[in-house]
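The values are calculated or read from the model by the stated rules, or taken from the named source; none is laboratory data. Treat the numbers as computed from the prediction; the structure is a model and nothing was measured. Neighbour counts are summed over all protein chains in view; Cβ atoms, including those assigned to glycine, are modelled from backbone coordinates with ideal geometry. These accessible areas exclude ligands, DNA and RNA; they are computed on the full protein's heavy atoms, side chains included. Shrake-Rupley method; radii C 1.70, N 1.55, O 1.52, S 1.80 Å.
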Amino acid sequence: MLAACTIPFEIAPFRLSGTVYGALLNHSSALAELGPKAAQAPYNAAPRAPVLYVKPRNTLAVSGSAVEIPAGMTELEVGACLGLVIGRPACNVSTTEARDYVAGYLIVNDVSVPHDNFYRPSIRLKARDGFCPLGPAIVARDVVADPDALTIRTYVDGVLVQAATTAELLRSPASLLADVTEFMTLAPGDVLVVGVARPCPRIRAGQSVNIVVDGLGTLSNRF
């Protein structure tokens, strides 16, 4: 696995901080998949605020790298999504100003051990080495005309297995950034992952994944 410090993503005058935050149940398909369970224990209700998790530095990898399937497991889930790269300290930003705090966008593959419980997500399921490929590059904010209308396509061995759009997010990228910075400060170089569509495609050893977003390129990894 590539160490976080080797990831060659630089946006003057800073580089990625190595801190990646994800938002659970922020894609409409994810909440729909949970269905009636959202009203049952341990959830008891649909989330009213962002449900965050962290992809630590050890998870970071680049396009073209190999993701290792841990011993004793036969497959992993791939979570194709959009990442917002923070450009300046963001604290209590408004929805209308949120985009001003974004330096650019990239593709994120939120790899996980398959699971169906989203309550207090287990670190051991989401934070294995190499479980967060990023890339293939950071595209400047002004180049992306509408981050609320990006189609994200996932291909396994060249076959399209999932297509989703940021228009289906429960909180738009700007709304999510505003809600998160209401209670925590995001620093330059942090990445905020806006939400994964469900169900996530499954991948086995020997297969390759390409995640394509128009205008952002293709994030490619083999497993």
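When you go through 176, 219 one by one, which is the residue that is among the hydrophobic types (A, V, I, L, M, F, W, C), in a helix (DSSP H, G or I) and in contact with a Pro (Cβ under 8 Å, 6 or more places away or on another chain)?
176
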*asked:* I'd like to check something: does segment 144-163 contain any residue that is polar (S, T, N, Q) and part of a loop (DSSP other than H, G, I, E, B)?
replied: no
*Search result, residues across segment 94-104 that are modelled with pLDDT of 95 or more and either closer than 21 Å to residue 32 by Cα or open to solvent by less than 20 Å² (accessible area, probe 1.4 Å) (or both)*: 98, 102
*Which fully enclosed strands (runs of 3 or more DSSP E) of segment 47-137 have 3 or more residues being under 16 Å from the mean Cα position of the chain (by Cα) and under 15 Å from residue 190 (Cα atoms)?*
51-55, 80-86, 102-109
*Search segment 153-195 for residues being open to solvent by 50 Å² or more (accessible area, probe 1.4 Å) and β-branched (Val, Ile, Thr), and hand back the single one that is farthest from residue 18 (Cα to Cα).*
159
